[in-house]
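Please read the structure below before turning to the comments.
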Amino acid sequence: MVVRQKINSYKFAKKPSDMSKKFETIQIGDEETYSFLLFPMESNLLKLNRVKQINNGRRAIEAVCACLFVVDGYLNQIEYDLDQYLTEEVEVFVSGLLMAFDPFVNEEIMSIVSSDETFDASSAESMHEFYKTPIKCLLRIEKSIEIWTKEFGANGYFAFLEKTMGSMVEDGVKMDFAAKISSL
């Protein structure tokens, strides 16, 4: 029986900081190396924001924190109780982010990575290696949301996304994703 671990508000808000100590972060200017995954993650956020009109960077940061807990749960075989943090708005963004990279949420990704001999869901080392890049991308997105929210208010991050990549992002809710495998 899996026990769900409760999380207090302090630990929830501190998760990005904790994860950045365990994993390297993407430095400003190095985003291009990670664009194969950053783009689907951010385009999903933008698509969902267009449809749901949430327009709130704070909810997007909470979604990043929730995703970090989901991934940390995979890596440490813990199920975190995130219910108190998953408002309807946050859940929308969580689903979009996870659909971009998580094989346990997106069946298309699972079918791709299951053909890769380096992906082994039962191996802690394999899981750590697989989730290293998504974690870095989530941490970079969180920093970007903070920057643009401080600069331009609650909708600053989404205004930034619309201006910089909006023309490349299709309308609708078909989620984009990326899966990096060793055999390619």
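Going highest first, how would you order 87-99, 157-169 by mean Cβ packing within 10 Å? Don't skip to the end; give the middle numbers.
Numbers: 87-99: 20.5, 157-169: 16.2.
Ranked by mean Cβ neighbours within 10 Å, highest first: 87-99, 157-169.
About its Cα centre, what dipole magnitude does the chain give when the only charges are +1 on Lys and Arg Cβ and -1 on Asp and Glu Cβ, stated in debye to the nearest 20? Can you show the working numbers first?
Values: 20 positive and 29 negative charges, 139 e Å.
Magnitude of the dipole: close to 660 debye.
So how do 118-127, 15-24 stack up, highest first, on mean other-Cβ count within 10 Å?
15-24, 118-127
Show me the helices of the chain, taken as full DSSP H stretches, that run 18 Å or more along their long axis by Cα and average 1.0 or above in Kyte-Doolittle hydropathy.
Membrane-span-like by this criterion, though nothing is claimed about a membrane: 88-101.
Farthest toward the dipole's positive end in region 39-184, which of ILE181, MET165, ALA100, given Cβ charges of +1 (Lys, Arg) and -1 (Asp, Glu) about the Cα centre?
MET165
For the pairs LYS11/LYS150; LYS6/LYS174; LYS11/LYS47; LYS11/LYS163, flag any whose C-alpha to C-alpha distance is greater than 31 Å.
LYS6/LYS174; LYS11/LYS163
List the residues, sorted by chain then number, that are 5 or more residues from GLN5 or on another chain and whose placed amide H is less than 5 Å from its amide H.
GLU79, TYR80, ASP81
Would you list which lysines come within 19 Å of LYS180, measuring only between C-alpha atoms, while excluding same-chain residues fewer than 8 positions from it?
Reachable lysines: LYS132, LYS136.
Need the full-extension length gain, GLU117 to GLN84, defined as separation in residues times 0.36 nm minus the C-alpha distance. One decimal, nm. Don't skip to the end; give the middle numbers.
On the way: separation 33, 0.36 × 33 = 11.88 nm, distance 3.77 nm.
This chain segment gains 8.1 nm when fully extended.
Full-extension gain between ASP18 and GLU32, please, as 0.36 nm times their residue separation minus the C-alpha to C-alpha distance.
Details: separation 14, 0.36 × 14 = 5.04 nm, distance 2.42 nm.
The span from ASP18 to GLU32 would gain 2.6 nm if fully extended.
Residue by residue, what Karplus-based ³J(HN,Hα) values in Hz, rounded to whole numbers, does region 28-33 have, using 6.51, -1.76 and 1.60 with θ = phi - 60° and x for Gly and Pro?
After applying 6.51 cos²θ - 1.76 cosθ + 1.60, I find 4, x, 9, 5, 4, 4 Hz.
A short reminder: the numbers here are calculations on the coordinates, not readings from a lab. Just so you know, these numbers come straight off a predicted model, no measurement behind them. Note that we place each Cβ from the backbone using ideal geometry, even for glycine, and neighbour counts take in every protein chain shown.
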